[in-house]
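Some notes on the structure that comes next.
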Amino acid sequence: MIWLLRKDLLILRRSRLLVALLVFYPIAIALLIGFAISRSPSRPRVAIVDETPAGETIQVGGQRVEVSQYARQLFSQVQSVGVSSRAQAVEEVKSADVLAAVVIPADIAARISSGTAQGQLEVIYNGDALEQSLVQSQIGSALAQANLGFSEQLQRAAAKAIDGLLRGGNLGSLGAPSDLIGLEQIPAVLQRVLAHVPAGSDRAALERVASFADFAAQNLSVSKKVLSTVGQPIRVHSTLLHGRRTPLNTFAVVVAVSVSLMFVCVLLAAGGVALEREERALGRLIRGLVSREALLVEKGMLAAGCSFVLALAMLAGVGAFVSLDWSRAGLWVVALAFGALSFGALGVAIGALAREVRAASLLAFLMSLPLAFLALVPSGSVSHGFYEVIGAVSFLFPFKAALQALDAAVNGAAPSIGGSLAHLAGLCVIFGALARFGLRRAD
Amino acid sequence: MSAVLSVSSLGKRYGDLQALADVGFEVCAGELVAVVGPNGAGKTTLLSIVAGIQPPSSGSVSRSPREVGWAPQQPALYSKLSVAENLELFAHLEKVSDPRAAVARMLDQTGLTARAGEAVGRLSGGNRQRVNVALGLIADPPVLALDEPTASLDPGQRERLWQFIASLARAGTAVLFSTHNVSEAQRHADRVLVLADGRLLFDGPPRSLLLEAGEDERGDLERALVRFLAMRAPQDVSA
């Protein structure tokens, strides 16, 4: 078997283009997938037309909030492009320089200050159905964030006005005289006055006023909390049921390494076995020189070894840029080794059944790519029935188990590594048997 | 002369198809035996069973696969490896006692010493076939099985290959080869085995086949084979 291995390494060394493709193509694919997963969506490029007069304010009680603050909130949610008019904004959208345009109309302050009408924005966009959906979603989210931020400012202004009513003082801004008594102070003042007032109808009336002032002060202080609740009625609190949270960037590393491991191993193993048939050397080998089982083990081990080294180097290399827990490196090795052996078994099975290098490579590629994407489909993103089908397909192939094993090894994620390793070992045996069946005939 | 290869009651079945039925013969040291017959007669199946590529459904071959050199119709070589590397690999796999000496010997015998370092993929069809035969001989087997050895060669290459095979036979190697080119069998074979529908219809010298078909001793063996098959095949098949 050593001589067979030596021969394969010699052939690999002389197939430089193939080796370069086998190494760089999966790495490129893996990095693209990892990048796509880990990178948060970029802020949409949006043209903003602020038609409100400079310094325009919205009055809340005695407080004034500048409309430009709303524009600033909006700017922070998008990649803003300042334009001076609606017409210019429409042109920007038409020329696809921006995804959309938001027009803040001149009367927005008056409408909000009136207390009877909502402020209204105009959103302009175009594009195909997919683009429209994306733009609507992104702009909707950006506007929601901006509204929330602006709403907090209005709440703060309202709360400040309520504080003034409760505590008194200089309420000139509310159109009242300076040094006005606060609602909270009225009951105490009235109690002092009542001490000097004889029993009678006047005293009874004053006691009623004191009771009302006390009641009003207490309820007005509660109204601040009510304002905050109305501004953001539901807050989200996340609870992770099992495992530990995997940071998106380290999960992306795991995906990238798993994809590379799979591509290199499956393509190399499939090509290696198919090459023996294509060169018509299989018949010569299995007539007592090498057993079929030994041939499959050699091809699988070679592919597993090469892909293991590549994947480990990738993991270690990426570890220089992404924070990984190096104390778990032993588990990385175990997970990668099991994954590589399982992919190697899948590869030799494909090679044994496909019979030609081109067919084997194409089949390996056509199988690997969808399997990788299927394994990454989140549970809630498709219907339950379809997810069950995806789960069954993923269970029959090593990618998802290898991904879970590596995720558990690198990130300590659930499910535990033991189950995934046992799954990989089982698949290794099954695909090995399939490969042996495919190699039953030498021609 | 004693037989170095005995094939007894060999049968091979692929599902419902009987590819070989009760085929038996012997080959002696230094003998050149041609297997001829129409397409689908079972020639390649017979040779591949003798070479150990596939097991028979019934019957036996006296030699183990390791004792039979094998050269398939299409050269079975690693095109990325050089001539010497191919020979060296199989010398090691065959567990030859002195692989380097065996490689040098085969390069010398095939006349490819000057091209030892050249990648097999760059060789002409004739030279590839010589390396193909050389691989079958690397372990110095007593029997060599060749499946259509000259099928893809031009006349000059064919002639050189036959000279090489004849020299092997003179050195004592028993050579069993299949061919579609009946005139080659007439010229080079000591004996001819005629197969049709998986059955062995004739086993004897080319001269005997000519006589059996009603031809002159110096007649055309191809014409004789066609006539022989026309005479014998129907009754044998019906039997």
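Computed from the coordinates by the stated procedures, all read-outs in this text should not be read as laboratory data. The model shown is predicted, which means the values in this text are computed figures rather than measured ones. Note: ideal-geometry Cβ built from the backbone for every residue, glycine included; neighbour counts use all protein chains shown.
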Report the antiparallel proportion of the DSSP beta bridges in chain B as a percent, rounded to a multiple of 5. 50 percent
Share of pairwise Cα separations in the protein assembly as shown, more than 52 Å, in percent: 44 percent
Helical segments meeting 15 Å axial Cα length and Kyte-Doolittle 1.0 threshold in chain A (DSSP H): A:16-38, A:248-278, A:292-319, A:329-354, A:357-375, A:384-396, A:417-438
Helix B:125-137 against the longest principal axis of chain B: what's the angle in degrees, Cα atoms only, rounded to the nearest 10? 90 degrees
Length gained when the stretch A:A294-A:Q59 is fully extended (0.36 nm per residue, less Cα-Cα span): 76.2 nm
Given backbone amide H placed at 1.01 Å from N, residues whose amide H is under 5 Å from that of B:Q54, ignoring those fewer than 5 places away on the same chain, are B:I49
How much net charge surrounds B:L225 when only other residues with a Cβ under 12 Å from its Cβ are counted (Lys, Arg +1; Asp, Glu -1)? -1
Residue-normalised 222 nm signal for chain A, counting each DSSP H run of n ≥ 4 as -39,500 (n - 2.57), nearest 500 deg cm²/dmol, is -23000 deg cm²/dmol
What lysines could a cross-link reach from A:K160, if we take a straight Cα to Cα line under 21 Å and drop same-chain neighbours fewer than 8 places away? A:K224, A:K225
So if I place +1 on the C-beta of Lys and Arg and -1 on the C-beta of Asp and Glu, and nothing else carries charge, what would the dipole magnitude of the protein assembly as shown be about its Cα centre? I want it in debye, nearest 20. 1060 debye
Of A:A54, A:A364, B:F90, which is farthest on the positive side of the dipole of the protein assembly as shown, counting Cα position, with +1 on Lys and Arg Cβ, -1 on Asp and Glu Cβ, and the Cα centre as origin? B:F90
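For chain B, what is the mean residue ellipticity at 222 nm derived from helices alone (per DSSP H run of n ≥ 4: -39500 (n - 2.57); sum divided by total residues; nearest 500 deg cm²/dmol)?
Values: 8 runs with 92 residues, N = 239.
Value at 222 nm, helices only: -12000 deg cm²/dmol.
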Amide H partners (placed H, <5 Å) of B:T173, local residues excluded: B:G30
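Between their Cα atoms, which of A:K299/B:K12; A:K299/B:K43; A:K299/B:K80 are more than 29 Å away from each other?
Those over the limit are A:K299/B:K12; A:K299/B:K43.
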Which aspartates and glutamates have a Cα lying under 19 Å from the Cα of A:K400, excluding residues fewer than 8 positions away in the same chain? A:E388
